[in-house]
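Everything on this sheet refers to the single structure shown next.
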Amino acid sequence: CSTDTWTSKRQQSYMVLTAHSIDSGWKLRKKIINFVLVDGHKGDDIGKSLEKLLIEWGIERVCTITVDNASSNDTCLAYMKRSLTNARSRYLGMRCVAHIINLVVQDGLKIMCHPRNRIRSAIKFVRASPTRLDLFKKCVQLSKVVSKGLINIDVVTRWNSTFIMLETAEKFERAFEQYALQDPNYKTELEKTGPEPKPDTPDQRGPPTQSDWVYVREFKQFLQHFYLLTNKVSGTKYVTANTFLEDIADVHFMLGEWSDHVICGDGEIFKCMATKMKTKYEKYWGDPEKMNKYIFIAAILDPRTKESHFF
């Protein structure tokens, strides 16, 4: 099973419990079986709530519990290992791969915060009112930009949504330039948006610059693989554990290459990004002894892995 918790805008804590199983026809099944209020985000509170829900459903056989990397989940898993007498508790906890990828990339994104923040502020400005958005649509037509979608703001805690935001915004570069000519408040307001620049750091305020768009184009090349990998490991209608080792080996190789070589126009920035990402990668996947052994078994049992001479 897998579980996650979050807090609503009203400061209420919720937990979702999802059951994953294989039916008699060997089809992978996934079903949300509970969505409940919990007392808080402390590990013991989550563990007790999880135990109660499993008892209510009569679920006794649990192979793994997939959680994100919050420290409270370590306490939760310790509680569940004591609670589930039928589980092989040594390997009960499974870290969410998509969440680790998110943490790895978020560390790298901190290096590229200035172009990202200027583009995000520009999108917020345009979408702040129907009048501005209508004017932007006219600028899209004047600029002859062809796109099925339109600009949208990202969810700052989800790097893949930031990737989509920047990838989409880059298509509308000419429309943003046209908008700056049409709305005199655009540049003025954006120059007031954001924190005061610190000494020896770039100013995050103002509309996107030409160099910002250059960074975005190189950024897409840099992180495209992580975006595709996140989508792959987030799939629910197919098995992902059997390809995990090969996937993270590819990531390790790429981060090593990017850390040691200049691969983009402004190579030093992307080299710094790769170095920070590699450090975070090593924290979670650098030591096989700290990884759940089930993922090794899944890879070994996949005939395709044997044929590729991965082992």
Fill in: Expected 222 nm ellipticity per residue - DSSP helices of 4 or more, -39500 (n - 2.57), all of the chain, to 500
-17500 deg cm²/dmol
Worksheet item: What is the helix-to-structure angle for 244-260, meaning the angle in degrees between its Cα long axis and the longest Cα principal axis of the chain, kept from 0 to 90 and rounded to the nearest 10?
Response: 40 degrees
Worksheet item: What lysines sit close enough to Lys48 to cross-link, taking a C-alpha to C-alpha distance under 23 Å and skipping anything fewer than 8 places away on the same chain?
Response: Lys30, Lys31, Lys81
Worksheet item: Taking a quarter of the surface of the convex hull around the Cα atoms of segment 4-85, what do you get in nm²?
Response: 5.8 nm²
Response to the item:
In degrees rounded to 10, the 0-90 angle between helix 71-83 Cα long axis and the longest Cα principal axis of the chain is 20 degrees
Worksheet item: Near the amide H of Gly93, under 5 Å away, which other amide H atoms are found, from residues 5 or more places off or on another chain, if H is placed in the peptide plane?
Response: Ile65
Discussion item. Less than 20 Å apart at the alpha-carbon level, and either on another chain or at least 8 residues along: which lysines does that give for Lys283?
Written reply: Lys110, Lys271, Lys293
Practice prompt. Using the charge dipole of the chain (Lys, Arg: +1 at Cβ; Asp, Glu: -1 at Cβ; taken about the Cα centre), state which of Tyr284, Phe35, Cys96 has its Cα farthest towards the positive end.
Written response: Phe35
Item to complete: Return the subset of Lys237/Lys276; Lys192/Lys220; Lys138/Lys187; Lys9/Lys124 for which the Cα-Cα distance in this structure is over 22 Å, preserving the input order.
Response: Lys237/Lys276; Lys192/Lys220
Worksheet entry | Fluctuation leader among Ile100, Ile297, Ile123 - the chain, Gaussian network, Cα springs under 10 angstrom | Ile297
Response to the item:
For segment 1-147, the Cα gyration tensor yields equivalent-ellipsoid semi-axes (√(5λ), largest first, whole Å) of 42, 18, 17
Discussion item. Using the Karplus curve 6.51 cos²θ - 1.76 cosθ + 1.60 with θ = phi - 60°, what ³J(HN,Hα) values do you get for each residue of segment 176-188, in whole Hz, with x for Gly and Pro?
Written reply: 5, 5, 5, 5, 4, 7, 8, 10, x, 7, 4, 5, 4
Worksheet entry | Per-residue ³J(HN,Hα) for segment 147-164, Karplus 6.51 cos²θ - 1.76 cosθ + 1.60, θ = phi - 60°, Hz, x for Gly and Pro | 7, 6, x, 9, 5, 9, 7, 9, 9, 4, 8, 10, 4, 5, 6, 5, 4, 5
Worksheet, complete the sentence: If Val38, Val105 are placed from fewest to most neighbouring beta carbons inside 10 Å, the sequence is Val38, Val105
Worksheet, complete the sentence: Rounded to the nearest 10, the angle in degrees between the Cα long axis of helix 97-109 and the longest principal axis of the Cα atoms of the chain comes to 30 degrees
Worksheet item: Counting other C-beta atoms within 10 Å, which of Trp26, Trp258 has the fewest, and how do the rest follow?
Response: Trp26, Trp258
Worksheet item: When a footprinting reagent is the concern and you count Cβ atoms within 10 Å, what order do Val155, Val145, Val233 take, fewest first?
Response: Val155, Val145, Val233
Discussion item. Skipping prolines and chain starts, which residues have an amide H placed within reach, meaning under 5 Å, of the one on Asn34, given they are 5 or more residues away or on another chain?
Written reply: Leu17
Discussion item. What's the whole-number percent of alpha carbon pairs in segment 109-221 lying beyond 20 angstrom?
Written reply: 37 percent
Worksheet item: HN-Hα J couplings of segment 13-29 from phi, Karplus 6.51/-1.76/1.60, θ = phi - 60°, integer Hz, Gly and Pro as x?
Response: 8, 10, 9, 10, 10, 10, 9, 10, 8, 10, 7, 5, x, 6, 9, 6, 10
Worksheet entry | Using distinct alpha-carbon pairs, which all enter the 1/r mean, Kirkwood radius of the chain in Å | 22.3 Å
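Laboratory data are not the source of any read-out in this text; all were calculated from the coordinates shown. Values in this document were obtained by computation on a predicted structure and should not be read as measured data. Methodologically, a virtual Cβ is constructed for each residue, glycine included, from the backbone with ideal geometry; neighbour enumeration extends over all protein chains shown.
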